[in-house]
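First up is the structure itself, then whatever we jot down about it.
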Amino acid sequence: MMGLGLFGHYYHQAAQGALFTLQTDLAVAQREAMRWREESRELIAGLSSEIQKQFARWQLTNAEAEVGMLLLKGLRHQEIANICVSSERTVREQARSLYRKAEVPGRSSLSAFFFWRICCCLKSRYFK
């Protein structure tokens, strides 16, 4: 019986060590994310502005533009419906209308439309 108690003690210590490591790694990742956001604030604001300009060129309604931004952020239709206080069906229709006006087949092509333009601006051996 003493063996099980000793095993439990060592198991608990190992679990506490793993938990501490995870908490430390999470804190480091959160600091790095905050630093990146601060360093990229102007870039992100400019990108958002350019996306809005393109939405205007496509003559999207305000609702379609809002859905578009949320789609680009990776939210699902139901999540967007919850944020916009509308039905998932309405969000799907707004997304379809956006895709039609943008002349893209779907969400991934919409994202690629903007991502490709960002990559074209990068000086890299991968994007020429």
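The numbers here are math on the coordinates, done by the rules we state, and not lab data. Every value quoted in this text rests on a predicted model; they were computed, and no experiment measured them. Please note: Cβ atoms are built from the backbone with ideal geometry, for glycine as well, and neighbour counts cover all protein chains shown.
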Give the order of VAL104, VAL91, VAL28, VAL85 when sorted by the count of other beta carbons within 10 angstrom, beginning with the fewest.
VAL85, VAL28, VAL104, VAL91
Once SER49 and PHE115 are pulled to full extension, the length gained, defined as 0.36 nm per residue separation minus their Cα-Cα distance, is 22.3 nm
As an exercise, find the ratio Rg/Rh for the chain from alpha-carbon atoms, using the Kirkwood inverse-distance average for Rh.
1.24
Tilt, helix 2-39 to longest principal axis of the chain (alpha-carbon atoms), in degrees rounded to tens, equals 30
Ranked from fewest to most other Cβ atoms within 10 Å of their own Cβ, HIS9, HIS77 fall in the order HIS9, HIS77
Between 0 and 90°, nearest 10: helix 41-57 axis offset from the chain longest Cα axis:
40
